[in-house]
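A.B. asks: Sharing a structure here in structure tokens format.
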Amino acid sequence: MKKYFIYTYGCQMNVHETEKLAGILQDRGLQLASQVEDADVVIFNTCCIRESAEQKILGNIGAIKPIKKKKKDLIVAVCGCMAQQKDMAGNLRKKFPFIDIVFGANNIEFFGDYLDTYLNQKKFLNKVIEDEQYIENEQGISMVRDNPFYAYVNIMYGCNNFCTYCIVPYVRGREKSRNPEEIYKEVKTLLEMGYKVITLLGQNVNSYGLDGNTNGVNFAKLLDTIANFDGDFELRFMTSHPKDISDEVIEVMAKNEKISKTLHLPVQSGSNRVLKAMNRNYTREHYLNTIEKIRKAMPNITLSTDIIVGFPGETDEEYQETVDLIKTVRYHNAFIFMYSKRKGTIAEKMDNQIPINIKRERIHNLLKIQHEISEELFHEMIGTTQRALIDFGNKNEGYIAKAQCGKVIKLITDKQIKLGSFVNVEIIDYKKGNLIGRIK
Ligand code: SF4
């Protein structure tokens, strides 16, 4: 039996797209190889959000050369956001003549056809669609989800926001919402299959329906409908844009027990001037006001964020505004990055780039501050009761549960427990980055 191996880089959207690629290959009778050397088809599902990610991918593609030399029939394909960039397919092929197929981020579901064409013609295939038209269509694609409890469901594709540092709108195109009926059907099927945590995915989920493709169903309505499906499950979503999260969404989150009380709300900077230069379209005040509304509606919510330090022109004072913001909000978790130039974006051409030593100093300092805040907040969870999903372990070695915020809870129990059960856990300690809990 032929085998495949897929390298996946980047965000949850890519992780989910790899599940679709695996589904297409398994439908054709291929099975997953345990190591790349055993594969007959190798796919690189790429990301281009940061230059360092691209360098790593290029290094990994290069490492395939000796394998292809030994195994002439090996098919090497590159897809995803990096491949979608203008002229990238040709450049990749020039650099790595052993690549056989390149396709973009929006036509994953046709990979089976590309494979057939390649096998017939044995000629390099460039299937990147460079215009912004979306052709992604999930109908009828099998997916191989490797976790039995957690499932991603795309609700929309693309982004209209054009944050000045971000390449996503150029490679993923404009926002396009999926038909709500298709989404409901997919979620119901997943629940019947036993999935317990459903995560709705989109670059900007709060814009769901604004393109007029959903018969008037907006994101709040979509969430509310799914949260009222039968079954014991948890509903999550990502990513939200602070300018778009509505009072209606906050209200729906607060009133539905099945919607996870955890929210990732990327702030990026605490400075209004930097936010404007990033084209984020909200102010620090608007953001803090939104956080206040969210906390008022859901006092126990856990919050996380993304932050970029060293954006072009960021002064010490502006950086301090970000420090002040994270101390004010007190996130359970923050993904903090140094700004790095992304070719093809507006920020790449800004002339007041920050020297690397200053960026390093800022990120180091901010990570330290955030770590202290996270540690305090996780210690504060001692004595609380958290609803969690037991997703790993056995009676002899112990069980692991995941709190809604994603934090690992080590369970103290001598009972046999069914994996995939939701339990109420009393947090009794916090040690070495893990919560310790007892089932109530
Ligand atoms: S909202 Fe901004 S950061 Fe997020 S994908 Fe769109 S352009 Fe990129």
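Read-outs: derived from the displayed coordinates by stated rules, not from any lab. Everything quoted here is computed from the prediction, not taken from an experiment. No Cβ is skipped: glycine too gets one built from the backbone with ideal geometry, and neighbour counts run over all protein chains shown.
A.B. asks: Given +1 on the Cβ of Lys and Arg, -1 on the Cβ of Asp and Glu, and no further charges, what dipole in debye does the stretch 1-138 carry about its Cα centre, rounded to the nearest 20? Can you show the working numbers first?
C.D. replies: Working: 19 positive and 19 negative charges, 195 e Å.
For the stretch 1-138, the charge dipole is close to 940 debye.
A.B. asks: Now a separate question. Have a look at the DSSP beta bridges in the chain and tell me what percent are antiparallel, nearest 5. The partial results should precede the final answer.
C.D. replies: Working: 23 of 66 bridges.
Percent antiparallel among DSSP bridges in the chain is about 35.
A.B. asks: Once you have the Cα-Cα distance between T385 and R295, take 0.36 nm times their residue separation minus that, and quote the gain in nm to one decimal.
C.D. replies: Details: separation 90, 0.36 × 90 = 32.40 nm, distance 1.81 nm.
Extra length from T385 to R295 when fully extended: 30.6 nm.
A.B. asks: Using mean Cβ contacts within 10 Å as the protection proxy, how do 205-218, 6-19 order, highest first?
C.D. replies: Numbers: 205-218: 17.4, 6-19: 19.7.
Descending packing order for the listed peptides: 6-19, 205-218.
A.B. asks: May I ask which residue of H286, G90, A388 lies farthest towards the positive end of the charge dipole of the chain, with charges of +1 (Lys, Arg) and -1 (Asp, Glu) on Cβ and the Cα centre as origin?
C.D. replies: G90
A.B. asks: Between T164 and residues 5 or more places away or on another chain, which pairs have amide H atoms under 5 Å apart, with H built 1.01 Å from N, and which residues are they?
C.D. replies: Distant-sequence amide H within range of T164: N279.
A.B. asks: How many nm separate the modelled label positions at F422 and K395, each set 7 Å beyond the Cα in the direction of the Cβ?
C.D. replies: 2.6
A.B. asks: Near K343, which lysines are there with a Cα under 24 Å away, not counting those fewer than 8 places off in the same chain?
C.D. replies: Leaving aside lysines fewer than 8 places away in the same chain, those within reach of K343 are K56, K86, K94, K95, K127, K276, K359.
A.B. asks: Once phi is turned into ³J(HN,Hα) by the Karplus curve 6.51 cos²θ - 1.76 cosθ + 1.60 with θ = phi - 60°, what whole-Hz value does each residue of the stretch 433-440 show in order, with x for glycine and proline?
C.D. replies: Each residue's phi maps through the Karplus curve to give x, 10, 7, 10, x, 10, 5, 7 Hz.
A.B. asks: Quote to one decimal, in nm, the extra length available between F229 and K410 on full extension: 0.36 nm per residue of separation minus the C-alpha distance between them. Write out the running numbers ahead of the final one.
C.D. replies: Values: separation 181, 0.36 × 181 = 65.16 nm, distance 2.99 nm.
My answer for the length gained is 62.2 nm.
A.B. asks: Give me the one-decimal nm value for the distance between modelled label points at L210 and D429, 7 Å along each residue's Cα-to-Cβ direction.
C.D. replies: 4.8
A.B. asks: Would the stretch 3-127 count as rounded, prolate or oblate if I go by the C-alpha gyration tensor, calling it rounded below 1.5 in a/c and otherwise prolate when a/b exceeds b/c, oblate otherwise?
C.D. replies: Details: a/c = 1.27, a/b = 1.13, b/c = 1.12.
Rounded, because the longest to shortest axis ratio a/c is under 1.5.
A.B. asks: Also: Of I226, M253, L303, which is farthest towards the positive pole of the chain's charge dipole, taken about the Cα centre with +1 and -1 on the beta-carbons of Lys, Arg and Asp, Glu respectively?
C.D. replies: L303
A.B. asks: Taking the DSSP beta bridges in the stretch 119-242 as the whole, what percent of them are antiparallel, to the nearest 5? Write down the numbers at each step before the final one.
C.D. replies: Details: 2 of 12 bridges.
Counting DSSP beta bridges with both partners in the stretch 119-242, the antiparallel share is about 15 percent.
A.B. asks: Taking the dipole about the Cα centre of the chain, with the C-beta of Lys and Arg at +1 and of Asp and Glu at -1, give me whichever of A77, Y195, N352 is farthest to the positive side.
C.D. replies: Farthest towards the positive end: A77.
A.B. asks: Right, something else. Given contacts defined as C-alpha pairs under 8 Å and at least six residues apart, what's the relative contact order of the chain, whole-number percent? Please list the in-between numbers first.
C.D. replies: Numbers: 821 pairs, mean separation 42.4, N = 440.
Computed over the chain, the figure is 10 percent.
A.B. asks: Given a Förster distance of 60 angstrom, what is the FRET efficiency for R438 paired with E182, based on the Cβ-Cβ distance and rounded to 0.05? Write out the running numbers ahead of the final one.
C.D. replies: Values: r = 42 Å, r/R0 = 0.70.
E between R438 and E182, to the nearest 0.05, is 0.90.
A.B. asks: What does the charge dipole of the chain about its Cα centre add up to, to the nearest 20 debye, if the Cβ of each Lys and Arg holds +1 and the Cβ of each Asp and Glu holds -1?
C.D. replies: Values: 61 positive and 56 negative charges, 249 e Å.
Value, rounded to 20: 1200 debye.
A.B. asks: If R0 is 41 Å, what FRET efficiency do you get for E251 and K71 from their C-beta distance, rounded to 0.05? Don't jump to the answer; show the numbers that get you there.
C.D. replies: Working: r = 57 Å, r/R0 = 1.39.
Step by step, r from the Cβ atoms, then E = 0.10.
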